[in-house]
Amino acid sequence: MTTRRPLVMIPGPVEISPAVRDAFAVPPPGHLAPDVIEAFGSALALMRRVWLAPASAQPFVVPGSGTTAMEMAVANLIEPGDAAVVVNTGYFSDRMVEMLKRAGADVVDLTAVPGEVPNASRAEGAFDDFARAGRKVKALFATHVDTSTGALCDPRPLAALARGRGVLSVFDGVCATAAERFEMEAWGADVYLTASQKAIGLPPGLALMVASARALEARDARKAPPPLVSDWHAWRPVMQAYEARKPAYFATPPTNLILALPVGLTEIAAGGMDSRFALHERGARALSAAWSALGLHIVPTREQNAAHTLSALRYPVGVDASLVARIAERGVIVAGGLHPAIRSEYFRVGHMGYALTRTDFLMRCVEAVAGGLASFGTPVDAEGAVTAMLAVLQNEVAS
Ligand code: PMP
């Protein structure tokens, strides 16, 4: 029996770095304290670097979670009667559809079987259908990584399509931002949103998003304002003030998290974003080698659709959902299934941020999964799985 704190390997919240923890583990400062103003201002500038966003784009940091950020994007961009298209990859795309409907949008929901990603030509077809009816689509929505299936969507062709047709593009990056490649400026995307507890590497509590100049103009052009707490017009002056290192107030931010935010973002941006994306690609490849050695198969139907931030793994024959608890008994917390259509058929392991810099964490994780599988009486090569993982990590570090 282990008395160690369990290792958290769910797709968020994730393990965080000691520097981030030290930054927030202080008595709560006021929101107008000089160190909070400095941290807030530098975090906003760092967000443009992590998002690969242009100087004209506006970063927002507000209290809340990923759902808050999703709601904020919808609230600012969508008015009743607007046409919207959703590239739906699962549970969180469904949530986006629900938000859009509640905002009064006419939504075309492009669905796919779990693990598949609708391609850009289907979105184009939906744009054409609206055009034939004399209507222009206001915004296209997609989930960069759907956490319920581990499916990775390529935002690039979607952003290009939207840009070409004068449509706004909004990407939910809650399980992707700062881990999966995303080039906001080069790709011409309009909103990219996330939350602090995933690859950003902080505890939960902050909703983060960057909005393009076009997205901000769309808010300016609204007939009626959105609810005050979601309104970019209420928050933007506060962001601008902090970035100019001036005190400002609209609603109290979680000040401890603000202190930690530039620390986390600096760790992410330190080696450049290419190396950050490569860290996640390498980690995913290494774990994938381990899962193969354990005889596990992923939910995404194509290798190029597999996220680098989490593994959605089908239970092998003879193994059921009690595997998650059996892995927990071995000191590692993983997540069960989430997509309603296949919930009892798979489990999920998150691999984002700090954990990827800790080979010991990855080894503990693979060993616990192997031990959990072995407890069902299935023959399992735990050592082979760890060796396969290390071979990828060591090879790629050396090359
Ligand atoms: N979108 C995606 C892709 C997510 O993974 C999550 C959280 N798992 C959310 C949205 C919602 O975020 P939160 O739970 O922080 O509200």
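So the values come out like this:
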{"read-out": "Qualifying positions in the range 142-179 - of a type in the set (Asp, Glu) and buried (at least 24 other Cβ atoms within 10 Å of the Cβ)", "value": "Asp146, Asp172"}
{"read-out": "Subset of the range 51-86 (residues that are free of Cβ contacts under 8 Å to residues at least 24 places away in the same chain and β-branched (Val, Ile, Thr))", "value": "none"}
{"read-out": "Whichever residue in the range 143-162 is in a helix (DSSP H, G or I) and either closer than 13 Å to Thr177 by Cα or small (Gly, Ala, Ser) (or both) and, among such residues, is nearest to the ligand (Cβ to nearest atom)", "value": "Pro155"}
{"read-out": "Index of the failed condition, Glu38 passing every other in (1) outside any loop (DSSP other than H, G, I, E, B); (2) in contact with a Ser or Thr (Cβ under 8 Å, 6 or more places away or on another chain)", "value": "(2)"}
{"read-out": "Options Gly41, Gly90; residue that is touching a residue at least 24 places away in the same chain (Cβ under 8 Å) and at positive phi", "value": "Gly90"}
{"read-out": "Hits in the range 363-399 - residues which are in a helix (DSSP H, G or I), among the β-branched types (Val, Ile, Thr) and at pLDDT below 95", "value": "Val397"}
{"read-out": "Filtered residues of the range 83-125 (kept if within 16 Å of the ligand (Cβ to nearest atom), closer than 15 Å to Val170 by Cα, of a type in the set (A, V, I, L, M) and not in a strand (DSSP E or B))", "value": "Met96, Val97, Met99, Leu100"}
{"read-out": "Filter result for Ala159 (modelled with pLDDT of 95 or more and farther than 20 Å from Arg348 by Cα)", "value": "yes"}
{"read-out": "Residue match in the range 126-133 (condition: within 14 Å of the ligand (Cβ to nearest atom) and either part of a strand (DSSP E or B) or open to solvent by less than 30 Å² (accessible area, probe 1.4 Å) (or both))", "value": "no"}
{"read-out": "Residue in the range 50-73 that is within 20 Å of Arg245 (Cα to Cα) and of a type in the set (Asp, Glu) present", "value": "no"}
{"read-out": "Selected residue (criterion: surrounded by the fewest Cβ atoms within 10 Å (Cβ to Cβ)) from residues of the range 194-225 that are within 16 Å of the ligand (Cβ to nearest atom) and small (Gly, Ala, Ser)", "value": "Gly205"}
{"read-out": "Filtered residue count, the range 163-189, keeping only those that are closer than 18 Å to Ser56 by Cα, in a loop (DSSP other than H, G, I, E, B) and within 17 Å of the chain's Cα centre (by Cα)", "value": "3"}
{"read-out": "Condition broken by Tyr242, with the remaining ones in (1) open to solvent by 40 Å² or more (accessible area, probe 1.4 Å); (2) hydroxyl-bearing (Ser, Thr, Tyr); (3) part of a helix (DSSP H, G or I) satisfied", "value": "(1)"}
{"read-out": "Condition check for Ala139: modelled with pLDDT of 95 or more, open to solvent by less than 20 Å² (accessible area, probe 1.4 Å) and part of a helix (DSSP H, G or I)", "value": "no"}
{"read-out": "Residue match in the range 67-78 (condition: buried (at least 19 other Cβ atoms within 10 Å of the Cβ), within 16 Å of the ligand (Cβ to nearest atom) and more than 16 Å from Val174 (Cβ to Cβ))", "value": "yes"}
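The values are calculated or read from the model by the stated rules, or taken from the named source; none is laboratory data. Nothing here was measured: the structure is a model prediction, and the numbers come from that model. Virtual Cβ from ideal backbone geometry, glycine too; neighbours counted across all protein chains shown. All accessible areas refer to the heavy atoms of the entire protein, side chains included, with ligands and DNA or RNA removed. Shrake-Rupley method; radii C 1.70, N 1.55, O 1.52, S 1.80 Å.
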